[in-house]
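First the structure, in the form of structure tokens, and then the observations on it.
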Amino acid sequence: MFDAAARHLNFRLAAEELNLTQGAVAQQVRRLETDLGHKLFLRHARGLSLTDTGRSYHSPVRQALALIENATNCLAPAEQKVTLSVPPSFAAKWLVPRLPEFEAAHPGIELRILAEEALSDFKHDGIDLAIRLGPRPNDLDLQSECLSHMDLVAVTNQIVALTLGEIPTLEDLAKHTLIQDGHHYWDQLLRNAGLSTQKRLLQFNQTALAMDAAMNGQGIALVPQIFLGNPSLQQVWRSPAIKDAGFYVVWPRRKVPNQARKTVVNWLLTQRSDAH
């Protein structure tokens with residue numbers, strides 16, 4: 001409990017890590033201070049700070065606990081499981097095709113995929129990592145890395161593409177059946193340009209479904225470029241850049257260090273070279 005409190009400098013966060021109550025952690029730390037006859041923490045309105053004695057005491061304690069953990073892992077290696085929460089279309093169009101590569105490179109890590117649109121609660125949902133679309137997270141309790149900027153492209157199958165000409169404009173595209181997902185990007189672009197569709201506007205709640213409809217020749221879908229990879233879909237137009245938006249890998253800043261999670265993050269980021 002002392003080690004957790006010293007790392008987080010917060011009894012509440014230490015308690016969450018250990019699945020205990022904040023009062024239990026604070027009480028045991030006070031008991032330790034009484035037994036040692038030294039004050040280890042300075043209590044502040046917002047958090048803690050280590051005293052000089054607490055700081056010098058924590059260093060060897062941390063080393064000792066690390067030795068115990070390493071020795072135990074050598075006898076009974078801990079299961080390396082990482083739960084990754086991703087939007088369903090991201091899972092279907094980007095992540096799943098790359099999973100064989102990850103499994104071949106890291107056979108000792110069990111990567112569990114949870115496909116959901118809802119925001120993850122790292123404290124209560126058992127989530128280790130999440131990939132989310134939007135602006136860069138500004139929560140101080142979270143760390144994040146940009147996996148891909150939000151570059152939207154219009155795609156359709158090759159037969160429909162032949163009817164568009166070499167360099168179609170947004171006005172040209174509006175003359176055809178358009179397909180959009182729950183983000184309503186076509187609506188936004190056409191409204192900003194003072195245009196409207198001259199044919200049907202097909203609506204799906206998932207980007208993956210919109211892409212499948214475009215692949216089947218039902219119209220032109222507007223989707224993140226990061227999802228492209230199927231040769232049956234042809235890019236025919238690129239939208240103006242959307243500022244301050246992208247796909248971000250997100251994880252808790254103060255969670256216990258986890259080598260498996262770090263490995264997954266590093267692997268995801270190595271995929272950025274082919275994400276644009």
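The values are calculated or read from the model by the stated rules, or taken from the named source; none is laboratory data. Everything numeric in this text was worked out from a predicted model, so none of it was measured. Positions of Cβ are generated from backbone atoms using ideal geometry, with glycine treated the same way; all protein chains shown enter the neighbour counts.
Which strands (runs of 3 or more DSSP E) does region 145-211 wholly contain that include 1 or more residues that are over 33 Å from the mean Cα position of the chain (by Cα)?
Values: elements: 152-156, 178-180, 201-203.
In region 145-211, there are no strands (runs of 3 or more DSSP E) which contain 1 or more residues that are over 33 Å from the mean Cα position of the chain (by Cα).
If you check TRP237 against the conditions, is it assigned to a strand (DSSP E or B), modelled with pLDDT under 95 and not charged (D, E, K, R)? Break it down into steps so the answer makes sense when it comes.
Details: assigned to a strand (DSSP E or B): yes; modelled with pLDDT under 95: no; not charged (D, E, K, R): yes.
It is false that TRP237 is assigned to a strand (DSSP E or B), modelled with pLDDT under 95 and not charged (D, E, K, R).
How about region 69-127: which of its residues are assigned to a helix (DSSP H, G or I) and more than 17 Å from GLY229 (Cβ to Cβ)? It would help to see each step written out before you state the result.
Filtering region 69-127 down to residues assigned to a helix (DSSP H, G or I) leaves 69-75, 88-105.
GLU69, ASN70, ALA71, THR72, ASN73, CYS74, LEU75, GLU103, ALA104, ALA105, listed by residue number.
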Checklist entry - Mind checking which residues of region 240-268 are assigned to a helix (DSSP H, G or I) and in contact with a helix residue (DSSP H, G or I) (Cβ under 7 Å, 6 or more places away or on another chain)? => result TRP267
Checklist entry - So VAL223 fits all but one of (1) β-branched (Val, Ile, Thr); (2) over 30 Å from LEU170 (Cβ atoms); (3) in a strand (DSSP E or B); what number is the exception? => result (2)
Checklist entry - On the given criteria, is ALA275 closer than 17 Å to LYS93 by Cα and modelled with pLDDT of 90 or more? => result no
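Between LEU189, LEU119, LEU152, LEU170, which is closer than 30 Å to VAL250 by Cβ, touching a residue at least 40 places away in the same chain (Cβ under 8 Å), out of contact with any Ser or Thr (no Cβ under 6 Å at 6 or more places or on another chain) and of a type in the set (A, V, I, L, M)? Talk me through it step by step, then tell me what you get.
Details: LEU119 fails: touching a residue at least 40 places away in the same chain (Cβ under 8 Å); LEU152 fails: out of contact with any Ser or Thr (no Cβ under 6 Å at 6 or more places or on another chain); LEU170 fails: closer than 30 Å to VAL250 by Cβ.
Testing whether each residue is closer than 30 Å to VAL250 by Cβ, touching a residue at least 40 places away in the same chain (Cβ under 8 Å), out of contact with any Ser or Thr (no Cβ under 6 Å at 6 or more places or on another chain) and of a type in the set (A, V, I, L, M) leaves just LEU189.
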Checklist entry - Among (1) of a type in the set (Gly, Ala, Ser); (2) surrounded by 19 or more Cβ atoms within 10 Å (Cβ to Cβ); (3) within 24 Å of LEU162 (Cβ to Cβ), where does GLY246 come up short? => result (3)
